[in-house]
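One structure below.
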């Protein structure tokens, strides 16, 4: 402590203290303000460059029209709102299906993820080594690429694979039944890919769960189920809400699962449609207007969901 | 500073400056814009919401989706003599490798012989995706980082049409005379001024010999009831529709129109909605053949030869009786390429029959170089007799090059196709 030199630090503050009383606070506040702006600058610039401008570009592109007599993929600026009408008329099915699949995947991920999170956070309490190992296992799938994990499902669910053979043997699947190239495979893959996004936020909120509250539930003659329903679940709701959002939003826009595990009749998702419109057909306006619609629809759905669950302040 | 794209906020300004520098040319094509302004000037002015939005669009997307240059960009300066380098973008597993898969023997020999280093990049995974990535830069005449690209014929045709390919100096490529006669006269590159074929191949029928004991001769065999749900077709429109057209007695190389296309697409639609066709696949159909999800499919010749090496001749491939498709991947020099002469030297090297034979022995596709078969007969007579690598006249008489579509047809037919395959 004695080594602290008094000089420079006080020297900086000195002009302020020397000035008339009211000015000192102003200067300090202005300095803090300048520092705050300085600190916000990199983030703001980043957002402007990589979010605001691209979103404007997307909105602009969604209204483009083809250049008359132009080549494939050539468009010019216009205000052609009709793009939205045709895009929705042509692709409302994949759009609706995306939300349906995302909903199923979110429900599946919740059913799988909640028990995992509960096991690690509540049952594993006091055993940090076990908790750590289980958490690594939850995150482990992320060590491999998303695409590889999806391709692995193709092998697991293949017609000549053990799963399908076993289901045939048990007569769960009819002899000509299959699992790949079905909507089942797409939903399974979506669920699996997003389970960690569900499990981790729930783990985080269950980890803070006060065991005395659960005990109090027991003291008040609540059975385990009632205690769970009235104490544990409500206290873990912030985790459930963030988990469902982190699963639902990317799942609705996912295009890898559907393109690798889907078929050509009833599994196309909107992300896949946007991808093919953009890269294969070079139909940028349709791809852009579908992206805008997807963004708006998700924003509305998420807004409603958050209001309904009443957890705005918890996010 | 050499690459303004790295600083997106400054991009519109830089673009505007470049456009002003090119102003004289732009003014001459003023008819495109409203009120006597060219589109580029219209962008530069940036007045009003539309202008601003367009400017942002052009900036944010690097010019790719929105850009619509109506004039061809001009080629870059050639620094070949100062910089002994050539950069080549190709498809995966498309050049001979040593057994460890770490070296390319023919490339090493090329560098030894000419002193030119080769940056060989397996960067092309899909024609459309690749084009989507580079088209914005090509339209500006920028260097896309490759001196040779290898798109498929129809995509090569689009790039040539738009002026994105430099004209070849055949004086540097005397071996171009070795190009097989079937590929000399092609509609996507009249007079063969811009492109030389890297490899070509057939679209035809492939099947698992154990699952389809009777084998296949025609496309109708693919529609047999016992194969329901076990059939796949290619997401590459030219091959799938080409084969269906041929089975319906239409030559895809000939003069066909909407009626013929619609007839083919309706057959495909019926087979997809009935569930007879399980999935529509790109390169990954080979995985489904191996996993047993697919028993018979429309596939590519070289893939099956390659699969059979690993799977003990489990599969077979045939060009159907009614005919198959002949496609080719074309080497061309993009407009911004800075090592044109080195690229031409490389093309010349791969058109030597000995080198071509070495490549063919590894990639198993149809070699476009005359004389390669004679070389192969000495080294590997069995491979030289494989008509999927060195087709005989009978096979060649059965295959057809899908005719080049006009831009309007391309948009329309591809759109219909993508809609039917549910992509």
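Please go through (1) buried (at least 20 other Cβ atoms within 10 Å of the Cβ); (2) under 30 Å from residue A:153 (Cβ atoms) for residue A:298 and return the number of the only condition it doesn't satisfy.
For residue A:298, the failing item is (1).
Can you work out which of the residues in the range A:257-273 that are without any contact (Cβ under 8 Å) to a residue 40 or more places away in the chain and within 7 Å of another protein chain (Cβ to nearest Cβ) is surrounded by the most Cβ atoms within 10 Å (Cβ to Cβ)?
A:264
Can you tell me how many residues within the range A:57-89 are closer than 30 Å to residue A:257 by Cβ and without any contact (Cβ under 8 Å) to a residue 40 or more places away in the chain?
3
Go through B:401, B:375, B:355, B:366 for me and flag whichever is without any contact (Cβ under 8 Å) to a residue 24 or more places away in the chain and buried (at least 17 other Cβ atoms within 10 Å of the Cβ).
B:375
Would you call residue A:155 over 18 Å from the mean Cα position of the chain (by Cα), modelled with pLDDT under 90, within 14 Å of chain B (Cβ to nearest Cβ) and in a helix (DSSP H, G or I)?
So residue A:155 passes the test.
Just one of A:216, A:252 is buried (at least 23 other Cβ atoms within 10 Å of the Cβ) and away from chain B (no Cβ under 14 Å); which is it?
A:252
Return the only residue of A:121, A:181 being surrounded by 13 or more Cβ atoms within 10 Å (Cβ to Cβ) and within 14 Å of chain B (Cβ to nearest Cβ).
On inspection, the qualifying residue turns out to be A:181.
If you go through the range A:279-292, how many residues are facing chain B (nearest Cβ under 7 Å) and assigned to a helix (DSSP H, G or I)?
Of the residues in that region, 3 qualify.
Condition check ((1) in contact with a helix residue (DSSP H, G or I) (Cβ under 7 Å, 6 or more places away or on another chain); (2) within 12 Å of chain A (Cβ to nearest Cβ)) across all residues:
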{"residue": "B:125", "(1), (2)": "no, yes"}
{"residue": "B:133", "(1), (2)": "no, yes"}
{"residue": "B:149", "(1), (2)": "no, no"}
{"residue": "B:157", "(1), (2)": "no, yes"}
{"residue": "B:160", "(1), (2)": "no, yes"}
{"residue": "B:168", "(1), (2)": "yes, no"}
{"residue": "B:171", "(1), (2)": "no, no"}
{"residue": "B:174", "(1), (2)": "yes, no"}
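Collect the residues in the range B:200-223 that are in contact with a strand residue (DSSP E or B) (Cβ under 9 Å, 6 or more places away or on another chain) and over 19 Å from residue B:327 (Cβ atoms), keeping them in residue-number order.
B:207, B:208, B:209, B:211, B:212, B:215, B:216, B:217, B:218, B:221, B:222, B:223
Across the range B:215-232, what is the total count of residues that are free of Cβ contacts under 8 Å to residues at least 60 places away in the same chain, out of contact with any helix residue (DSSP H, G or I) (no Cβ under 8 Å at 6 or more places or on another chain) and surrounded by fewer than 16 Cβ atoms within 10 Å (Cβ to Cβ)?
Residues that pass the stated criteria total 4.
Tally up the residues in the range B:265-287 that are over 23 Å from the mean Cα position of the chain (by Cα) and under 20 Å from residue A:164 (Cα atoms), please.
4
Is it the case that some residue within the range B:289-298 is under 20 Å from residue B:415 (Cβ atoms) and outside the structural domain of residue B:368 (by TED's automatic domain parsing)?
The answer is no; no qualifying residue exists.
Restricting to helices (runs of 4 or more DSSP H) lying wholly in the range A:158-270: which have 2 or more residues that are within 27 Å of the chain's Cα centre (by Cα)?
By residue number, A:183-207, A:233-253, A:256-261.
Tally up the residues in the range B:305-345 that are surrounded by fewer than 24 Cβ atoms within 10 Å (Cβ to Cβ) and assigned to a helix (DSSP H, G or I), please.
Residues in the range B:305-345 being surrounded by fewer than 24 Cβ atoms within 10 Å (Cβ to Cβ) and assigned to a helix (DSSP H, G or I): 8 in total.
Pick from B:272, B:265: which is at the interface with another protein chain (Cβ under 10 Å from one of its Cβ atoms) and part of a helix (DSSP H, G or I)?
Within the list B:272, B:265, the selection yields B:272.
If you check residue B:53 against the conditions, is it part of a helix (DSSP H, G or I), at pLDDT below 50, buried (at least 18 other Cβ atoms within 10 Å of the Cβ) and within 14 Å of chain A (Cβ to nearest Cβ)?
It is true that residue B:53 is part of a helix (DSSP H, G or I), at pLDDT below 50, buried (at least 18 other Cβ atoms within 10 Å of the Cβ) and within 14 Å of chain A (Cβ to nearest Cβ).
Inside the range A:49-75, can you point out the residues that are at the interface with chain B (Cβ under 7 Å from one of its Cβ atoms), surrounded by fewer than 21 Cβ atoms within 10 Å (Cβ to Cβ) and in a loop (DSSP other than H, G, I, E, B)?
Across the range A:49-75, the qualifying residues are A:67, A:70, A:71.
The values are calculated or read from the model by the stated rules, or taken from the named source; none is laboratory data. For clarity, every value in this text was computed on a predicted model and none was experimentally measured. All Cβ positions, even for glycine, are placed from backbone atoms using ideal geometry, and neighbour counts span all protein chains on display.
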